[in-house]
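The values are calculated or read from the model by the stated rules, or taken from the named source; none is laboratory data. Remember, it's a predicted structure, so these values are computed and weren't measured experimentally. Reconstructed Cβ throughout: ideal geometry from the backbone, glycine too, with neighbour counts over all protein chains shown.
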Amino acid sequence: MREPRTWRELLRSVIKDPQEKQRIADELNINPITLMRWVNGSSKPRVHYLQQLLYVLPQHRQQLIASFAEEFDDTFDISERQVDEELQEIPSKFYAQVLTAHTTTPHPLRSSLIYTLILQQALRHLDPYELGMSITVVKCMPPAPGHRVQSLREDLGRGTLPWKSHLDDQPLLLGAESLAGYAVSSFRFVTNQYISMGPTFFPVRRTQWEESAAACPLLQGNRVAGCLLVASHQPNYFSTSRLEIIQNYAGLLVLACEPEEFYDSSSIQLAMMPPPEIQRVLFAHFQQRVTNKMIQSMRSNRQLTRPEAEREVWHELEEELIQESLRLQPD
């Protein structure tokens, strides 16, 4: 069977799969019938949809660009380089906005404000067509006395459909089984462009909707505080330009981290964490456990603030999850 020569032939072959046809229609926010009109030549898509197709079908991007240029030479002038150049550098005004927040915001509010500013900007920047992305700040869990850092905690996150817009309502710990864990332990920026294809050199535990992901450590000299974790609903989404942008946003996020949140490599020894569905069972009663601990402390004439009680419960849950993960490992 010969290779498709035009973008219409290519699209026709792709949408023979009903699920893929529906996915493309959903992501372009059009009726599947419109796709059939395009491939049959009875309708001409607007330039906006042609540009979106490059992101919806990244594995066919080069062939689509060549075919678009041939058919729409006057109305569609774009190259592979120009696609990446649409991702301009972080605006200088945004750098100024973050620096102003860092210097003028009261200390108790500073970190959360900077995190929120950066995540919102990065999401708009990296997923302009809202093809599906999650961006999460993952921080090292402060170790219990006498221990090393054993896990990472998803601290704050934002997303576009199919993810929720706010991703911070469900606690989750990550460890050596995760891409984020590898990035933090190795102090390296790592990616997995085809998560659904199975294991690669880097560990990854796929969560719902993830097709590709990148994890960039939050570094200050030779110390690390966590990582910026970005996941896309599209395979092979992280071009060189996008990776550079992620690295720059990770550099900005360092401004939101406190000095004591950074750890050297000798202080990190990540354990394995169980799957999210198991973690959700334990975290379901998190606040109740915190309240119970505070009540117990009062009964024993022990002064314990809520943040202190939360920290103790986090350590207890971390240890329980480590033990559960060990239990689940095959003999």
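Every residue, every condition in (1) assigned by TED's automatic domain parsing to the domain that holds Arg124; (2) at negative phi; (3) under 14 Å from the mean Cα position of the chain (by Cα), yes or no:
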| site | (1), (2), (3) |
| --- | --- |
| Thr207 | yes, yes, yes |
| Ala213 | yes, yes, yes |
| Gly221 | yes, no, no |
| Ala225 | yes, yes, no |
| Leu228 | yes, yes, yes |
| Ala231 | yes, yes, yes |
| Phe238 | yes, yes, yes |
| Ser241 | yes, yes, no |
| Ala250 | yes, yes, yes |
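Would you mention how many residues in the stretch 300-309 are in a helix (DSSP H, G or I) and either surrounded by fewer than 17 Cβ atoms within 10 Å (Cβ to Cβ) or in contact with a strand residue (DSSP E or B) (Cβ under 7 Å, 6 or more places away or on another chain) (or both)?
Narrowing the stretch 300-309 to residues in a helix (DSSP H, G or I): 306-309.
Those still in the list that are either surrounded by fewer than 17 Cβ atoms within 10 Å (Cβ to Cβ) or in contact with a strand residue (DSSP E or B) (Cβ under 7 Å, 6 or more places away or on another chain) (or both) too: 306-308.
Residues that pass the stated criteria total 3.
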Item checked: Scan of the stretch 1-29 for residues that are hydrophobic (A, V, I, L, M, F, W, C) and either under 19 Å from Gln62 (Cα atoms) or surrounded by 16 or more Cβ atoms within 10 Å (Cβ to Cβ) (or both), ordered by number -> Trp7, Leu10, Leu11, Val14, Ile15, Ile24, Ala25, Leu28
Margin query: Name the residue that is surrounded by the fewest Cβ atoms within 10 Å (Cβ to Cβ), counting only residues in the stretch 126-161 that are small (Gly, Ala, Ser) and in contact with a Ser or Thr (Cβ under 9 Å, 6 or more places away or on another chain).
Written below: Gly132
Next item on the list: Take the residues in the stretch 177-194 that are surrounded by fewer than 24 Cβ atoms within 10 Å (Cβ to Cβ) and among the β-branched types (Val, Ile, Thr), then tell me which one is nearest to Val224 (Cα to Cα).
Entry: Val190
Check: Restricting the stretch 162-176 to residues that are closer than 18 Å to Asp26 by Cα and touching a residue at least 24 places away in the same chain (Cβ under 8 Å), which is surrounded by the fewest Cβ atoms within 10 Å (Cβ to Cβ)?
Finding: Pro162
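Of everything in the stretch 30-59 that's among the β-branched types (Val, Ile, Thr) and assigned to a helix (DSSP H, G or I), which residue is nearest to Lys16 (Cα to Cα)?
Initial filter on the stretch 30-59 (among the β-branched types (Val, Ile, Thr)): 30, 33-34, 39, 47, 56.
Remaining after also requiring assigned to a helix (DSSP H, G or I): 33-34, 39, 47, 56.
Values: Ile33: 13, Thr34: 14, Val39: 11, Val47: 24, Val56: 16 Å.
Step by step, filter the stretch 30-59, then rank; the result is Val39.
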Next item on the list: Among the candidates Ser297, Ser232, Ser267, single out the residue that is under 28 Å from His125 (Cβ atoms) and surrounded by 14 or more Cβ atoms within 10 Å (Cβ to Cβ).
Entry: Ser232
Margin query: Looking at the structure I just gave you, is Asn192 of a type outside the set (D, E, K, R), within 16 Å of the chain's Cα centre (by Cα), modelled with pLDDT of 90 or more and assigned by TED's automatic domain parsing to the domain that holds Val137?
Written below: yes
Notebook entry, point to check: Can you find a residue in the stretch 279-300 that is touching a helix residue (DSSP H, G or I) at 6+ places or on another chain (Cβ under 9 Å), among the small types (Gly, Ala, Ser) and without any contact (Cβ under 8 Å) to a residue 60 or more places away in the chain?
Noted result: yes
Note to self: I need the full set of residues from the stretch 132-170 which are part of a strand (DSSP E or B), under 20 Å from Leu317 (Cα atoms) and modelled with pLDDT under 95, in order please.
What the structure shows: Glu154, Asp155, Leu156
